1. Could you give me D for segment 2-165, from Stokes-Einstein at 20 °C and 1.002 mPa s, where the hydrodynamic radius is the Kirkwood radius over C-alpha pairs? Units µm² s⁻¹, please.
2. In debye, nearest 20, what is the charge dipole magnitude of segment 2-165 about its Cα centre with +1 on Lys and Arg Cβ and -1 on Asp and Glu Cβ, if you could check?
3. Considering only Ile177, Ile49, Val60, whose Cα is most displaced toward the positive end of the charge dipole of the chain, charges sitting on Cβ of Lys, Arg (+1) and Asp, Glu (-1)?
4. With an 8 Å cut-off on Cα pairs and a minimum separation of 6 or more residues, tell me the relative contact order of segment 218-310 in percent.
5. Calculate one ³J(HN,Hα) per residue across segment 136-141 by plugging θ = phi - 60° into the Karplus curve 6.51 cos²θ - 1.76 cosθ + 1.60, and present them in order as whole Hz with x for glycine and proline.
6. For the chain, what is the charge dipole size about the Cα centre, in debye to the nearest 20, if Lys and Arg each add +1 at the Cβ and Asp and Glu each add -1 at the Cβ?
7. Normalised by the number of residues in the chain, what is the relative contact order in percent for Cα pairs under 8 Å and 6+ residues apart?
8. Quick check: residue separation of Lys72 and Glu257 times 0.36 nm, minus the Cα distance between them. What number comes out in nm?
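Just so it is clear, none of the values below were taken in a lab; they were calculated from the coordinates. All figures in this text were calculated on a predicted structure; none of them were measured in a lab. Neighbour counts run over all protein chains shown; Cβ positions are idealised from the backbone, glycine included.
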Amino acid sequence: MYHPYFRGKQFELITIRETAQLLADKNFVPIIEPVKESLGPLERALKAICDAGGKAILIVNPYHGDHQDDGKDITKLLQERYLDHEEIAAGILLRSDMTVEEVMGCYTDHADHHPALVHAGFPAPKALAAELADDMAGMRNIFIDDHAKLLYRKHFDRSTRILVHDGFKRQRNADYIPVEVFSDLHVTYGDLGMNGFGDFLTVGDVYSEGGGPAYAVAIHLTFIDPEQDDVMYIYHFVSDTKDTPTDPAGKFGQALEKLITKLDSGNSKLYETKAIKEFRELHKKGHFPGLGYVKRLSMKHHIETLAAYLG
């Protein structure tokens with residue numbers, strides 16, 4: 001059903017580990033695109049998923065990060081550690097610079113790992129669908145919404161189809177408005193002929209190696225509004241201080257104060273997740289855990305919110 005798309009940065013892999021049991025219990029299937037050379041943290045995340053009885057899709061040819069030129073180490077990891085683990089599938093990322101022959105070669109190489117195709121700009125869907133005709137009924141095709149519109153997706157309509165939408169409009173922290181629409185795909189994916197849906201959580205599809213100095217700190221939290229046909233919205237709680245790269249702890253305190261005020265108002269519509277409870281504890285203690293930790297809490301809240309809604 002739900003397929004959250006993670007880039008394999010450390011804070012994202014830790015998020016997967018910490019939510020592995022919830023992901024498994026709800027039959028959520030994370031998609032992981034490894035971006036760091038060291039695969040140790042990735043292995044720990046995959047182990048947590050397997051130990052919880054969950055499933056995941058591991059991209060074997062990443063577009064971003066340290067493995068973008070050669071994914072052989074990821075393939076080796078799958079072959080050596082997960083050949084007998086059907087729950088860990090190979091994901092093949094279909095970009096604009098790939099040919100049908102290259103896709104089929106990668107598909108054949110990973111046939112033992114139940115390959116799923118992730119469509120993200122591939123230019124020849126009709127020709128590829130013809131090549132895959134015999135396997136189509138048992139396949140998973142995952143479409144990145146911005147790169148695979150309705151006519152494109154129709155070529156794969158005999159397969160299991162997942163639509164991934166980026167609801168997070170990435171910009172400078174200082175420029176976020178207080179609240180905006182995130183997505184309605186959790187409500188409408190069936191009407192679109194899809195078997196499931198996904199998103200890039202509260203990080204977004206835009207990839208960067210690392211953030212610059214935090215002129216402003218923002219806490220991003222999603223909520224579902226039953227008064228608006230269950231559309232999902234996202235709050236951006238932004239610090240008041242926005243003109244200096246110093247004092248991230250103080251800025252976090254300002255953003256957190258706005259979050260707590262909204263929660264205590266009684267009309268935030270935020271689901272009281274474990275992540276929200278952690279934010280309350282941080283406020284109570286006056287503690288700044290670091291920006292990576294704040295991102296993890298935001299992502300965990302998003303997963304918990306969808307788990308409660310789809311429960």
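1. The estimated diffusion coefficient comes to 135 µm²/s.
2. Around 580 debye, computed over segment 2-165.
3. With unit charges placed on the Cβ atoms, the residue in question is Ile177.
4. Dividing the mean separation by the residue count of segment 218-310 yields 32 percent.
5. These are the phi-based 3J(HN,Hα) values: 4, 4, x, 9, 10, 10 Hz.
6. In total the dipole reaches around 800 debye.
7. Normalised by residue count, the contact order of the chain is 14 percent.
8. Stretched out fully, the Lys72 to Glu257 stretch lengthens by 61.9 nm.
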